[in-house]
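Report on one structure; see the data block that follows.
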């Protein structure tokens, strides 16, 4: 059983066009031109809140890939923190998770931005820490080549330390605001950080009061050794992606097992597994929806997505033949571990490139579950109970229809089984996740 | 007459506690503990919009000064872009100006953040470009000493070029969003920037469509030679601060005169002058309000503010004696030009340190105008008509009461004289300022 007592946690993972690569073309998808429009995001966040989700999760990448630009709405990305600040105005309880890179930002700015979001949302902010590993990102930030992964993670580790430290520079009761005597703040409760490390020298204090949650919740998505270690040391929630139960369980035990060496308990970190639900009221309806999506997948988009997954231009190979002999993945980082499994499956089953993209391009090898609400809840319950996850990050194949389906059909089934809350019990994201409020190191 | 036909422009310049250093203690000021609370900013922005202001202007500094920390609510600053994104949800027309430093950010991130704000607000975003010159800022960003001003401005100049370039990387009609044929964007209308300069190497394209305004409006506050030149080359609005008409006119002519060498017309840059209004329905009421504020000014706060203005610890000198002989200002940058005038006045009139802080600590040597709505409008009209400004950046001495007074009493008087709009005529900040929408360099 997941560590979170008997309730699982739910987030929705936002990619502008939905998670099936052709999802934006689906009849139940919003107008694709709406990706710049706040109303689109507002509707999604309010739907997730209606479903009592723990969090609304905004992905981010700092550049545009070349392979499938013509076909991919996820090349449009708002800076996550701004729509999240706006969403704080039109939602009441749901957590607001923003992805921000440690490689192309400064810790003082990031600490202040999330402190601001936490104040604006009354304690619902969370930072998804990423290190940015794509060439289309580094080339926008003065880098001629990709930064070394080891160095990226070293910087990320120190970056998170500095940010957490800055969040403590104001004690909770530092703000006095005594108009009568003219004393605004208690100087003895505002501290220098005086951080001096290999990557950062940051004096502080931050110029904003301590966030309502003490620290906004730290999310991470570590898959590599360095990533898992960073998660075990610093993260309070992890987003991960596995398509088999055994892999997911192994990862879960691995990361949870690392916590002790940082003096942390197993339930101080929640692991949320990516899940693409294709929901029908009947099996036939679910089949039809999947078929509709697959029929919208253009071959050139399928091949382009496969090229992205494999880090290779796949259009150079014949479509109806298997992968070339001794084919290797071009990219060694992050997501490629998931895609390695795709390649192994292709080789084992002798799939052609066409068969391969038909099976994986839509879901990018995330766990995809198709069926009735009961069938989807069955899978979620089994994975949760077997200790593969503390909850799920829902990746609707198209938006808003795919999220509507999940909230209206699957959530009630989970609630009926006692697996998911029927009402928010607290007001902050820490409350929803059952995470303690961090003590102040200076306090 | 100002260049903007016969109408002046108005912005409100936001500092959390108001612009008189003791303003937060005034009975008509909000609870000082509200500085972290969105409702405070919402009320202010909605008031300014009720007054048909062109823009709501969020100041920023990336650190806390030490001299008057106990007494100064402006040590609490939300990251400007987040409350502005939230304010876009609760306002309809008013422009949203956010201050962001070119010294401690990356152009790709800044371009995307303002593009996002421009999309969220349907064309109301503006970037106030600052270079950050304070020691309490540089020490939060890995710097052992203040960066060289020359270098800071060189970086700023290139930074703004890159940002404007990135805003052009999507042509206005690059997004096709053709669900039927599965074509999301027109690849031939999305461009690499391929910028290579001394400070930045940025490939692009940006991962968000062209902002509704083409480019969000560029604000600047250049006072030094480098600053004025940067403004003439890149800015479309300038915020400046002078307390005498002659100085303001000289500055106005100086900056406007520099535009031609960049092929720009005089009305392509609007100059807004800082103005602290102390408004009474009668002269007696205005006198009383000023007296109330002055009585709330604690001597240690006055001396601390003077120390800030002079870049020197002024508490080491006897309070009731004049400035020591051969006294010089400690800080040579930005605001100190305004404060140089304070020192010269002190020497000319033989003012003691106490008299000096009583006169200047409250208003930090900004133009302060006290009186009835007619008297204040008289001053504004005279300065506007004599070509000292295209409009004013209003610095209410306390908030929200000081802004309420201006909007309810002075704005109607300006409208009666035909000096200010009675209704918004356009929807974007460019519309309000009468600025053209920039052509796309790639289009």
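Please find, among B:62, B:14, the residue that is under 26 Å from residue B:121 (Cα atoms), out of contact with any helix residue (DSSP H, G or I) (no Cβ under 6 Å at 6 or more places or on another chain) and buried (at least 24 other Cβ atoms within 10 Å of the Cβ). Lay out the reasoning, then the answer.
On the way: B:62 fails: out of contact with any helix residue (DSSP H, G or I) (no Cβ under 6 Å at 6 or more places or on another chain).
Only one candidate qualifies: B:14.
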Answer residue from region A:55-65, given it is in a loop (DSSP other than H, G, I, E, B) and modelled with pLDDT of 85 or more and is farthest from the other protein chains (Cβ to nearest Cβ) among those: A:59
Inspect region B:103-126 for any residue being under 26 Å from residue A:195 (Cβ atoms), away from chain A (no Cβ under 12 Å) and crowded, with 24+ Cβ neighbours inside 10 Å and give the result as yes or no. no
Which count do you get for residues in region A:27-39 that are surrounded by 19 or more Cβ atoms within 10 Å (Cβ to Cβ), assigned to a helix (DSSP H, G or I) and either more than 10 Å from every other protein chain (Cβ to nearest Cβ) or touching a residue at least 24 places away in the same chain (Cβ under 8 Å) (or both)? 4
So, in region B:66-97, how many residues would count as being more than 10 Å from every other protein chain (Cβ to nearest Cβ) and within 23 Å of residue B:432 (Cα to Cα)? 7
Tell me, please, whether a residue that is farther than 27 Å from residue B:24 by Cβ, in contact (Cβ under 8 Å) with a residue 12 or more places away in the chain, in the same structural domain as residue B:38 (by TED's automatic domain parsing) and not in a strand (DSSP E or B) can be found in region B:353-374. yes
Which one is surrounded by the fewest Cβ atoms within 10 Å (Cβ to Cβ), of the residues in region B:170-201 that are more than 28 Å from the chain's Cα centre (by Cα) and within 19 Å of residue B:105 (Cβ to Cβ)? B:198
Residue by residue through region B:410-422, note down the ones that are part of a loop (DSSP other than H, G, I, E, B) and either without any contact (Cβ under 8 Å) to a residue 24 or more places away in the chain or more than 23 Å from the chain's Cα centre (by Cα) (or both). B:417, B:418, B:422
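Would you confirm whether or not region B:393-409 contains a residue that is at positive phi, part of a loop (DSSP other than H, G, I, E, B) and touching a residue at least 12 places away in the same chain (Cβ under 8 Å)?
No: region B:393-409 contains no residue that is at positive phi, part of a loop (DSSP other than H, G, I, E, B) and touching a residue at least 12 places away in the same chain (Cβ under 8 Å).
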Across (1) within 12 Å of another protein chain (Cβ to nearest Cβ); (2) free of Cβ contacts under 8 Å to residues at least 12 places away in the same chain, residue B:151 clears everything bar (1)
Options A:224, A:185, A:145: the member that is touching a strand residue (DSSP E or B) at 6+ places or on another chain (Cβ under 7 Å) and at pLDDT below 95: A:185
Output yes when any residue across region B:203-221 is out of contact with any helix residue (DSSP H, G or I) (no Cβ under 8 Å at 6 or more places or on another chain), surrounded by fewer than 24 Cβ atoms within 10 Å (Cβ to Cβ) and not in a loop (DSSP other than H, G, I, E, B), and no when none is. no
All but one of (1) part of a helix (DSSP H, G or I); (2) farther than 24 Å from residue A:20 by Cα; (3) without any contact (Cβ under 8 Å) to a residue 24 or more places away in the chain hold for residue A:430; state the number of the condition that does not hold. (3)
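The values are calculated or read from the model by the stated rules, or taken from the named source; none is laboratory data. None of these values were measured; they are calculated from a predicted model. Methodologically, a virtual Cβ is constructed for each residue, glycine included, from the backbone with ideal geometry; neighbour enumeration extends over all protein chains shown.
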